[in-house]
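Here's the structure we're looking at; comments come further down.
The values are calculated or read from the model by the stated rules, or taken from the named source; none is laboratory data. Keep in mind the model is a prediction, meaning the values are calculated, not measured. Heads up, the Cβs are rebuilt from the backbone with ideal geometry, glycines too, and the neighbour counts pull from every protein chain shown.
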Amino acid sequence: MKNLKLSVLSHTQNKRTVIRVGDVRLGEEFVIIAGPCAVENEEQTLETARQVKAAGARMLRGGAFKPRTSPYSFQGLGRDGLKILARAREETGLPIVTEIMDTRHISLVSEYADVLQVGSRNMQNFTLLKEVGRSDKPVLLKRGMNATLAEWLNCAEYVLSEGNPRVILCERGIRTFETYTRNTLDLSIIPAVKEVSHLPVIVDPSHGTGRSTLIERMSLAAVASGADGLMIEVHQTPHKALSDRYQQISPDAFSLLVRKINRMKSAMDDIYRDES
């Protein structure tokens with residue numbers, strides 16, 4: 001870790017960074033971000049936003065620009081998708097997290113989004129990192145699928161070095177030899193990040209597993225590992241989703257999961273309160 005600049009390391013400040021987005025204080029309170037993988041239409045997005053908020057989500061995720069393995073897959077609605085997300089925020093009050101893929105879109109996406117997400121495929125897109133580092137929006141930086149801790153934090157450093165201190169790290173699974181799951185969710189990275197960095201770190205169990213049946217257990221395990229929050233994909237009818245249908249859960253399943261997450265968080269708080 002010696003090659004890292006000091007600004008990402010814990011000893012550069014006395015307390016952990018808190019990212020303020022509206023009324024949300026990520027890093028100070030546990031935050032659940034939820035919503036569809038992709039914005040497909042207004043009805044789908046608004047109804048999902050209403051339901052995840054009622055269940056306890058504090059922020060809304062949704063892709064307007066979608067990086068897809070195949071060029072023939074659904075690529076998102078672009079500007080129209082951003083407008084739908086803005087309407088969802090206007091109705092529910094939930095801040096918007098959405099992915100940015102291209103430096104040419106920074107001004108457009110920043111007009112609508114509250115948090116700019118840099119996806120795993122772009123983690124080492126240094127030009128993009130520098131540009132979002134010059135923006136006034138918080139940046140959610142996903143770990144690359146083959147990235148080490150040092151590589152991930154160095155990418156965060158690119159954002160911080162341009163003057164933007166509001167970086168949220170997101171573990172979303174890494175590529176291993178395992179084929180049953182989409183990725184291997186590396187929960188050991190959560191306490192590791194907290195040993196060396198002051199930045200808040202959340203977990204995405206949806207991409208981390210690629211299987212809706214595994215999201216509950218891995219979400220609870222992420223809470224136990226000390227994550228500052230979760231980002232979970234929720235769809236009205238997951239089997240009809242235009243992207244990542246196998247890793248999205250229904251609003252009812254999400255509501256049940258949030259109750260379990262809250263109980264786990266309370267239990268973990270009690271455990272560490274007893275130690276102190």
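Numerical summary
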{"read-out": "Number of the condition not met by residue 164 [criteria: (1) crowded, with 18+ Cβ neighbours inside 10 Å; (2) of a type outside the set (D, E, K, R); (3) in a helix (DSSP H, G or I)]", "value": "(3)"}
{"read-out": "Number of positions in segment 175-220 that are within 20 Å of residue 29 (Cβ to Cβ) and not polar (S, T, N, Q)", "value": "13"}
{"read-out": "Close pairs from segment 103-119: first more than 17 Å from residue 80 (Cα to Cα), partner of a type in the set (Asp, Glu), Cβ under 6 Å, at least 6 apart", "value": "103/131; 117/99; 119/99"}
{"read-out": "Residue within segment 145-167 that is acidic (Asp, Glu) and in contact with a Lys or Arg (Cβ under 6 Å, 6 or more places away or on another chain) present", "value": "yes"}
{"read-out": "Of all residues in segment 121-161 being out of contact with any helix residue (DSSP H, G or I) (no Cβ under 9 Å at 6 or more places or on another chain) and buried (at least 18 other Cβ atoms within 10 Å of the Cβ), the one that is nearest to residue 190 (Cα to Cα)", "value": "140"}
{"read-out": "All positions within segment 10-31 that are in a strand (DSSP E or B) and either surrounded by fewer than 17 Cβ atoms within 10 Å (Cβ to Cβ) or out of contact with any strand residue (DSSP E or B) (no Cβ under 9 Å at 6 or more places or on another chain) (or both)", "value": "20, 25, 29"}
{"read-out": "Tally of residues being over 29 Å from residue 42 (Cβ atoms) and not basic (Lys, Arg) across segment 217-263", "value": "11"}
{"read-out": "Residue that is at pLDDT 95 or above and either over 23 Å from residue 242 (Cβ atoms) or part of a loop (DSSP other than H, G, I, E, B) (or both), where the choices are 34, 49, 54", "value": "54"}
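Rundown of residues vs (1) of a type outside the set (Val, Ile, Thr); (2) farther than 29 Å from residue 84 by Cβ; (3) in contact (Cβ under 8 Å) with a residue 24 or more places away in the chain, yes/no style:
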position: 129; (1), (2), (3): yes, no, yes
position: 141; (1), (2), (3): yes, no, yes
position: 154; (1), (2), (3): yes, yes, yes
position: 181; (1), (2), (3): no, yes, yes
position: 191; (1), (2), (3): yes, yes, yes
